[in-house]
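First the structure, in the form of structure tokens, and then the observations on it.
The values are calculated or read from the model by the stated rules, or taken from the named source; none is laboratory data. Keep in mind that this is a model prediction, so the values were computed, not measured. Virtual Cβ from ideal backbone geometry, glycine too; neighbours counted across all protein chains shown. Only protein heavy atoms, including side chains, enter the accessible area calculation; ligands, DNA and RNA are left aside. Shrake-Rupley method; radii C 1.70, N 1.55, O 1.52, S 1.80 Å.
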Amino acid sequence: MKIVKLNRRFRQFKENGHTVALRFDEHCIEAMAYERACREKLSGNGYTCSDPWFSYFGKKRVKGYLSRRAYWITFRNKIDLTLVLLSTDLT
């Protein structure tokens with residue numbers, strides 16, 4: 001998992017005003033735990049871009065015989081990301 005500050009290179013920043021994101025190499029249990037925390041603490045379900053948070057799969061990247069898609073959870077405000085990080089009990 002990486003925390004990424006979004007800028008004008010990212011579609012979510014340009015089109016929807018999201019400023020920060022969590023990036024996972026693939027959809028995993030850790031990503032599902034953060035999504036669950038987003039549903040509990042923030043409004044919306046992550047399916048519409050107008051919500052405070054949005055989750056989606058990135059472009060397909062092929063390295064050798066493995067192909068993976070990054071999984072993104074983007075947020076409008078940094079405060080929302082902080083709330084989700086603190087409320088998730090992954091250690």
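What to note about this one:
- In this simple spin-label model, placing a label point 7 Å from the Cα along the Cα-to-Cβ direction at both K78 and E40 gives a separation of 2.6 nm.
- Counting protein heavy atoms only, the chain has 51 percent of its accessible area on carbon and sulfur, 1.4 angstrom probe.
- Cα-based equivalent ellipsoid, the chain: semi-axes from gyration tensor eigenvalues, Å: 21, 17, 11
- Contact order relative to length of the chain, as percent, for alpha carbon pairs under 8 angstrom and 6 or more apart: 31 percent
- Extended-chain gain in nm, criterion 0.36 nm per residue less alpha-carbon gap, R23 and L90: 22.5 nm
- Every Cα-Cα pair in the stretch 9-51 was counted, and those over 11 Å apart are 71% of them.
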